[in-house]
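Reviewing the structure listed below.
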Amino acid sequence: MARINPLDKEKFEEAQAQARKRPSVFSFSGLTRLHRLAGLILILQLLIWTVTGIYFSWMGREALNAEQYLHRVPPAQLSISEPYIIPMRQLHHLGDVYEINVRMRDDLPQFQVTYASQRDTRYEDGRLGADGLYQAWFDGGTGQRWNTGAVQAQRIAVNSYLGSGMFNGIYDVRLSRDLPQWAGPGFRIEFADRLKTRIYVDQQSGDLVAHRNRWSPVTEWMYKLHFMDYSGQRNFNNLLIISAAVFSVWFCITGILMLIRIWRQGGFVARPGLKYNASLFERLKSRLLGVSKKN
């Protein structure tokens with residue numbers, strides 16, 4: 001279509017009438033409707049992304065992970081002089097063993113076993129990992145299943161704590177809203193400091209799961225809103241965020257097509273020689289240069 005002067009009333013109305021006759025979705029009016037629809041869907045989520053992004057930048061990585069008082073204890077070295085009891089009978093019942101790691105946990109030797117299947121229902125308490133393999137833990141001194149006690153969990157928590165707060169209690173937990181991705185069971189150890197620090201220790205492995213504090217619920221909600229994943233798993237490949245990405249692409253495409261259509265209709269012409277732009281240039285001259293029509 002040739003570029004049309006919007007003040008040429010007859011031609012402009014004729015072009016508008018021809019555009020209305022075309023039932024195509026890609027007509028100017030159709031593109032406008034689709035562009036507005038995509039904008040209405042995206043505007044709220046764009047606002048949420050902006051607010052949550054500002055929150056993440058303001059808080060910083062350490063505060064987001066509640067690690068202000070976290071002390072990472074370096075792993076203790078294994079002693080080659082001590083005898084370790086390998087749980088051969090238990091390993092036989094687990095199934096296909098892929099890997100066995102020996103490590104120190106609270107100054108005690110521990111076997112971390114990774115396996116693929118379970119052949120005996122007595123050993124169904126193995127934990128399923130993200131890679132589809134199970135994990136189980138054994139005491140390297142006794143050969144029995146590892147089981148973290150309350151005193152040991154408290155000691156692990158205290159060793160990981162750098163704050164000045166006093167110990168304020170230990171509690172058995174199966175699941176926690178603080179850690180929706182953690183399966184439990186374990187312990188929550190609390191400290192009386194200004195951040196109300198809570199430390200989680202896993203019962204099956206004796207691992208320090210995470211630190212949490214008074215800001216953690218707000219942070220979890222910010223992650224949910226930012227990733228559009230309201231399960232709390234922080235999955236950025238869920239259906240909602242994929243749909244938002246598709247609408248964003250469509251919003252950009254329809255916007256570009258609308259700009260091209262307006263340009264072809266002469267909407268971006270800004271030449272002082274054209275009548276419908278003359279008054280604009282006269283006003284600019286009078287305001288910026290102090291030149292009036294009389295002069």
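Observations on the model:
- When residues of region 214-236 are limited to those that are within 18 Å of Arg198 (Cβ to Cβ) and part of a loop (DSSP other than H, G, I, E, B), the one modelled with the lowest pLDDT: Gly232
- Hits in region 34-48 (condition: open to solvent by 70 Å² or more (accessible area, probe 1.4 Å) and among the β-branched types (Val, Ile, Thr)): Ile41, Ile43
- Of the candidates Ala66, Ala76, Ala38, the single residue that is in contact with a helix residue (DSSP H, G or I) (Cβ under 8 Å, 6 or more places away or on another chain) and closer than 28 Å to Ala157 by Cα is Ala66.
- Options Gly273, Gly267: the member that is within 44 Å of the chain's Cα centre (by Cα), assigned to a loop (DSSP other than H, G, I, E, B) and modelled with pLDDT under 70: Gly267
- Lone qualifier among Leu175, Leu162, Leu128, Leu179 - being over 28 Å from Glu99 (Cβ atoms) and among the hydrophobic types (A, V, I, L, M, F, W, C): Leu162
- Extreme residue, nearest to Arg103 (Cα to Cα), among residues of region 208-233 that are over 14 Å from the mean Cα position of the chain (by Cα) and free of Cβ contacts under 8 Å to residues at least 40 places away in the same chain: Val209
- Restricting region 49-62 to residues that are open to solvent by 40 Å² or more (accessible area, probe 1.4 Å) and touching a helix residue (DSSP H, G or I) at 6+ places or on another chain (Cβ under 9 Å), the residue that is nearest to Val246 (Cα to Cα) is Trp49.
- Here Ile85 qualifies as surrounded by 13 or more Cβ atoms within 10 Å (Cβ to Cβ), part of a loop (DSSP other than H, G, I, E, B) and of a type in the set (A, V, I, L, M).
- The numbered conditions (1) touching a strand residue (DSSP E or B) at 6+ places or on another chain (Cβ under 8 Å); (2) open to solvent by 20 Å² or more (accessible area, probe 1.4 Å); (3) closer than 15 Å to Glu67 by Cα are all true for Phe167 except (3).
- Evaluating Arg177 against the criteria (1) open to solvent by less than 60 Å² (accessible area, probe 1.4 Å); (2) closer than 24 Å to Leu64 by Cα; (3) assigned to a loop (DSSP other than H, G, I, E, B) leaves one unmet condition, (1).
- Contact annotation: residue pairs with Cβ atoms under 8 Å, 6 or more positions apart or on different chains, pairing a residue in region 235-264 that is touching a residue at least 12 places away in the same chain (Cβ under 8 Å) and surrounded by 12 or more Cβ atoms within 10 Å (Cβ to Cβ) with a partner that is in a helix (DSSP H, G or I) and of a type in the set (Ser, Thr, Tyr), are Met258/Thr32.
- Set side by side, the residues Gly163, Gly143 differ, and just one is in contact with a Pro (Cβ under 6 Å, 6 or more places away or on another chain) and in contact (Cβ under 8 Å) with a residue 24 or more places away in the chain, which is Gly143.
- Among the residues of region 63-78, those that are open to solvent by 70 Å² or more (accessible area, probe 1.4 Å) and either of a type in the set (S, T, N, Q) or in contact (Cβ under 8 Å) with a residue 12 or more places away in the chain (or both) comprise His71, Arg72, Val73, Pro75, Gln77, Leu78.
- Within region 185-230, being open to solvent by 10 Å² or more (accessible area, probe 1.4 Å) and within 26 Å of Thr114 (Cβ to Cβ) holds for Pro185, Phe187, Gln203, Gln204, Asp207, Leu208, Val209, Ala210.
- The condition of being crowded, with 17+ Cβ neighbours inside 10 Å and outside any loop (DSSP other than H, G, I, E, B) holds for Val113.
- Scan of region 187-203 for residues that are farther than 23 Å from Ala63 by Cβ and under 25 Å from the mean Cα position of the chain (by Cα), ordered by number: Asp202
- Every residue from region 137-158 that is surrounded by 14 or more Cβ atoms within 10 Å (Cβ to Cβ) and not in a strand (DSSP E or B): Gly140, Gly143, Trp146, Thr148, Ala150, Gln152, Ala153, Gln154, Arg155, Ile156, Ala157
The values are calculated or read from the model by the stated rules, or taken from the named source; none is laboratory data. Quick caveat, the model's predicted, so the values are computed rather than measured. Cβ atoms come from the backbone with ideal geometry, glycine included; neighbour counts cover every protein chain shown. Note: areas computed on protein heavy atoms with side chains; ligands, DNA, RNA excluded. Shrake-Rupley method; radii C 1.70, N 1.55, O 1.52, S 1.80 Å.
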